[in-house]
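The values are calculated or read from the model by the stated rules, or taken from the named source; none is laboratory data. The structure presented is a predicted model; accordingly, all values stated were derived computationally and were not measured. Counting neighbours? That spans all protein chains shown, and the Cβs are built from the backbone with ideal geometry, glycine included. Please note that ligands, DNA and RNA were not included when accessible areas were found on the heavy atoms of the full protein model with its side chains. Shrake-Rupley method; radii C 1.70, N 1.55, O 1.52, S 1.80 Å.
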Amino acid sequence: MKSRVHPKYKTKYHVRNWASYERALVERGDVTVWLSPDAIAAWKPEAGGRRGGQRKYSDLAIETGLTLRLLFHLPLRQAEGFLTSLFRLMGLNLRVPDHTTLSRRGQHLDVNLHHPPRAERMHLLIDSTGLSTFGEGEWAAAKHGGHGTRGWRKLHLGVNRSGVIVAQALTDATTDDALTGITLVGAVEGNVASVTADPAYDTIAFYDAATEHGAQVVVPPAKTARLSQRRPRSRARDRTIRRITKMGRRRWKKEAGYHRQARVENAFFRYKSILDDRLRGRTRAAQEVESVLACNVLNRMTELGRPESFVISR
């Protein structure tokens, strides 16, 4: 039976910078580690001037240990031993945070999302996925009955067309996608040319938040969507509904560039395949820090090299 959804042809692409992109993919697995003189000087924090015992490690030291632990899929104790062996090989006389310190300090670590600045207007792509958390899981439920204790958290990402993560949020599994999407749009710095998301973000509040930034909204409405009859209204959403009614949903997606939504899906694939599909942290604060560190790791890998592809045939 022929598909009524997918077209008969499949667009083929060619990567013009395959040699440099292949080297970038190889460099993502490079385990060469070094510390700059500034990082060595900042490994031990300055005296806080408060009474009592002073901290032995700076936030930079804790962030480094947790990042390496996340990147190499290590338990906290093995992460401690990994850092100790690295410093021994590098000939550095630095103390390594023990696993208890990494766990305790990691819950209160203030980590910012790092991404390269862009001068041109940004095309923002938004979506969410689920990450499992620590718990007994499905096996305990099948063996002892019940539903197990494993839970889920929802990771929301805002990605530009280059695949760089520019905004992120970690929420409960029951949190509404559109409400979190409003937060992601507001967290983006600079001008936003367009905001693309799936039908879960088809709300008037989301349209208003994006249009306030001067962005074009590319969100396919539900098949039962109707024009606004009363307040609050969204002129941008009404224009989308009229356009889809006139030319059809498939042609509208092609005209609006909705296919670029696959970039954020690719970001989720890289997150789960390179890092993990679950959160290692036990507490909410530790899980939020872990998600930001993971996004920084992916952005760093993206900076090493990106593919430059173009259409060759259909």
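Scanning region 36-45 for residues that are in a helix (DSSP H, G or I) and among the hydrophobic types (A, V, I, L, M, F, W, C) returns ALA39, ILE40, ALA41. Taking the criterion of being open to solvent by 100 Å² or more (accessible area, probe 1.4 Å) and farther than 22 Å from LEU74 by Cα, the residues of region 85-119 that qualify are ASN93, HIS114, PRO117, ALA119. Of the residues examined, ARG270 is not one that is more than 30 Å from TYR207 (Cα to Cα), modelled with pLDDT of 90 or more and either part of a helix (DSSP H, G or I) or within 16 Å of the chain's Cα centre (by Cα) (or both). In summary, ARG263 fulfils each of the numbered conditions (1) at pLDDT 90 or above; (2) more than 24 Å from GLU308 (Cβ to Cβ); (3) basic (Lys, Arg) with the single exception of condition (2). Considering region 46-98, the residues that are of a type in the set (Gly, Ala, Ser) and in a loop (DSSP other than H, G, I, E, B) include one that is farthest from LEU109 (Cα to Cα), namely GLY91. Restricting attention to region 1-27, the residues being at pLDDT 80 or above and of a type in the set (Phe, Trp, Tyr) number 2. Every condition in (1) under 24 Å from the mean Cα position of the chain (by Cα); (2) open to solvent by 20 Å² or more (accessible area, probe 1.4 Å) holds for GLN261 except the one numbered (2). Checked against (1) open to solvent by less than 50 Å² (accessible area, probe 1.4 Å); (2) closer than 20 Å to THR175 by Cβ, GLU288 meets all criteria but (1). Tallying residues that are in contact (Cβ under 8 Å) with a residue 40 or more places away in the chain, out of contact with any Lys or Arg (no Cβ under 9 Å at 6 or more places or on another chain) and among the charged types (D, E, K, R) within region 42-97 yields 1. When only residues in region 185-220 that are polar (S, T, N, Q) and surrounded by fewer than 23 Cβ atoms within 10 Å (Cβ to Cβ) count, which is farthest from PRO232 (Cα to Cα)? Top of the filtered list is ASN191.
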